[in-house]
Structures are given as structure tokens and as C-alpha cells.
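Below is one structure, written out as C-alpha cells, with a few remarks after it.
The values are calculated or read from the model by the stated rules, or taken from the named source; none is laboratory data. Here the structure is a predicted model, which means the values were calculated and not measured. All Cβ positions, glycine included, derive from the backbone under ideal geometry; neighbour counts span all protein chains shown.
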Amino acid sequence: MIHLSSLSFLEKEKRSMVALTKKLALINSFSNNTKGIKSVQDILMHEAKSLGCKAVFIKTADEAGFDLNGYPYKKKSGDILKLTMRPNAPFQCLLMGHADTVYPPDSPFQTCRIESDRLHGPGVADMKGGLAVLLKTLEAIERSPNRQSIGWTVLINGDEETGSSASRRFIEKEAFGKACALVFEPSKENGAFIKSRPASANYLFVARGKGAHAGRDFYQGVNAIAPLMRLALDLSSLTSKKKKIQVNIAKLVGGSEFNVVPDRGSLSINIRAFGSKSWNLAKEQTQAAFSRHKRAHPDLEMHLLSERPSKEFDKLQKPLFDTLNKSGALLGIPINLTESGGVTDGNLISAVGVPCIDSFGVIGSGLHTVHEEAHIASFTERAKLAALTILMYADAFYKRRTRSLSIPKAYQKLAWGL
């Protein structure tokens, strides 16, 4: 098959992909470290420019955020690297990744090492290994004889780990109208691709009270933490396996000394639900719980920090997954599908009506911990699967397109080598 010849060079690229991953992982790019995020993006831009694509940075606006005590501040997120090639081609696909990680600059986990067939290091799986795979996927497309009929856009944002609130509108805008999208988040430890994900939202609740001496003026004080504790218990009770709703009480902050009535506190929670019906129910119940507690404590506030819709496996998504299965069969790579409780920018992309597979990154484990690792053998495998899936999906796109046009078959063959 003509596409397979375009992938043969990848057999010798595993070492270069691992080397690039290590180089990126040694740069701290915590979500708040915009300088580190820019350094990662600059390296990716330099690597990609050899393909002849156009590269620009999209500025993201400062956002209103809240610290853990509930005080507002201006939140700065990293900008977005955008790469484009052949934007006027009829077939357009989006490839997506993120440069940020969850490891702060003062984290002790800042180095990489290789043990057996595993690469250990901060962000090697989530998702700097995926970024290396993404670049080789682009190179494979550009080696294809059909490359002139394939246009692609790449977005590398810097706030995925905090909910993509600053980059969301740009992602949705670029995704809209694309034939398909691939996101290079890591797959499951067993190599399974993710077919569906829940919706997710992060909330911050802030309570204001009245400070007082806990002994002599106790009854003149108003405890700000007590209503948050009651609210936390109420929200936690919304968790239901049957309804596919889960509420994580992430953090309760406030107070100072034993003898001081706290005058301020905050509660951070994450809510997830599978399917739009469960998600709507979860949001309704969250709002209802807040309203009940606000009646008893009028100074209580609720702030939605970020939200991602659910990513469902439906008729729109199935053809792209079918193409992935065909690619796996041609390459001799078994394809397995599963659900995940995690969320990605793939949730945003599929919500605007674009077929999307968001686990084309390396096989990894220990994500968001000091045990994070990437399976070295998966680098080549994933690059092959990603490139072949795009090439074959483009084939199907043009076959449908030529069948819908009254063009003699001789010209159809010239146009796309059918």
C-alpha cells in the first residue's frame, strides 16, 4: 500500500523522538510557568519549520482567577503555538497538544532517566512524548505522495492542565469545520485508545465571615469555614455510580490560629459525569445545593473556574475510530477501546461536531506523579498509527467527494491516485 512506504522511515526515528522528549521534559513548563511553556513551544516551532509550515503565536488574554483564599487576581496563561500547512486544501485536519505540565518549578521531580524500555521524567507521557510523536506524524504526512491534498493545523496550548479556559475559544474556532482531529494525550497503560470521556467542571466556593477572638468574643464572630464544611458534605453526597456522577472535594482552605474565628474560607471541588443527561443533572444539583446553603449564609459565593463537555462515542465519531482499526490491522497493531474518567481538549473538539481521537500519544503510566513514565516502544507505533489514520481518512474523504461530483473516472484517478 502506498501509504505504508511513507511510514518506513519511522523505524529509525525512535531514538530521536526519545531524545526530543527528554529535552522537552528537562524544561519546567508548569501551567503557571509561561516562560517555560514558551521555551517548549519554541523548540517545537523550530523542529516543525523544516517541514515548510507557517508558525505563529496566538496571544491569550489575562483571565480573572481566584487564589485559594478566594481573592480575585489576574491569571496569566501561556500563549498558543499555531502551525499551518496548505490551509486551502479541501481536506483539513487538526492535531493538538499541550506544552504545560502539573509539576511546579520547586518540585523535586525535574530530571529524566531510562530504565529498561521506560523513559521516566516529568511530563514524558503527559504529554511531551506525545508532542514528539505529533512532529513525526507531520513528517510522515509530508513524505506521502498525497500530501498536497492534505491540509493540517497544529495547536499547542499552555493551559490544558488547568482546564484550557484561556485557550478554549481558540481551540473551538480552529476545530470547527475540520474533517477530523487527533490529540496526542497518552493512552492507557495497556495501549487502549479512549473512546469516551466524562464532562468535568472545577468550582470554587468562597465564604466570608466575621473574625473574632474564639474565647471572649466567640458569639460576635461568624465562622466562614463551617458553612463550607456543610456544603462540602452536601456536594459529596451527589456522587452516584448509578447516575455516573462523581464529586471530588479537592481542597478546603481558611482559618489561622486555634483562638481565632476564621473570617474567610474557600472550597475547591471537581465534578464529573458521563453523558449529557447525567451532566445536566450534576450541574442542577450543584446549583441547588449552593442555593440552599446561600440562604443560610448570604455571603457564600460560587465561581465556575473551568468546564469541559462530555466526549461521547457516537455516529459522528465512529468512522474515525473505524479508520484507526483499519490502520492497526494494516500495521499489525491490535486496537482496543475503553472509557476514561479523565478529560482533555478532545472534549472541546468533539463538542463542536468534529470526529476526534484524543489518545494518540505514547503509552504511559504514573501520570501526574513522580512515577510518570513513557513506554519507549510505543513512540514509533503511535506515530505510525496517527499518520496512517490521517492518510486513510483523507482517502475516504476524497473518495466520497469524487463520487459526489460528475467527474470522469480518468480525472478522478489523476486527482487522487485512486
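Out of all the residues in region 54-68, is one or more touching a helix residue (DSSP H, G or I) at 6+ places or on another chain (Cβ under 8 Å) and among the small types (G, A, S)? Yes; the residues of region 54-68 include at least one that is touching a helix residue (DSSP H, G or I) at 6+ places or on another chain (Cβ under 8 Å) and among the small types (G, A, S). Listed by first and then second residue, the pairs with beta-carbon distance under 8 Å, at least 6 apart or on different chains, first residue in region 141-155 and in the same structural domain as I349 (by TED's automatic domain parsing) and in a strand (DSSP E or B), second crowded, with 20+ Cβ neighbours inside 10 Å and acidic (D, E), are T153/E174; L155/E174. Residues of region 192-228 that are surrounded by 18 or more Cβ atoms within 10 Å (Cβ to Cβ), touching a Ser or Thr at 6+ places or on another chain (Cβ under 8 Å) and part of a loop (DSSP other than H, G, I, E, B): P198 alone.
Taking the criterion of being outside any helix (DSSP H, G or I), closer than 30 Å to A212 by Cα, out of contact with any helix residue (DSSP H, G or I) (no Cβ under 9 Å at 6 or more places or on another chain) and of a type in the set (S, T, N, Q), the only residue of region 263-300 that qualifies is S268. Residues of region 277-288 include none that is more than 23 Å from S165 (Cα to Cα), over 30 Å from the mean Cα position of the chain (by Cα) and not aromatic (F, W, Y).
Of the residues examined, K22 is not one that is in contact (Cβ under 8 Å) with a residue 24 or more places away in the chain, among the basic types (K, R) and exposed (fewer than 14 other Cβ atoms within 10 Å of the Cβ). A Cβ distance below 7 Å, combined with a sequence gap of six or more or placement on separate chains, defines the contacts here; from region 312-335, residues that are under 13 Å from S350 (Cβ atoms) reach residues that are buried (at least 16 other Cβ atoms within 10 Å of the Cβ) and polar (S, T, N, Q) in the pairs E312/S196; F313/S196; Q317/S350. Scanning region 6-30 for residues that are part of a loop (DSSP other than H, G, I, E, B) and at pLDDT 95 or above, we see that the one that is nearest to R147 (Cα to Cα) is L7.
Condition test on L238, is it in a loop (DSSP other than H, G, I, E, B), out of contact with any Phe, Trp or Tyr (no Cβ under 9 Å at 6 or more places or on another chain) and among the hydrophobic types (A, V, I, L, M, F, W, C)? So L238 fits the description; yes.
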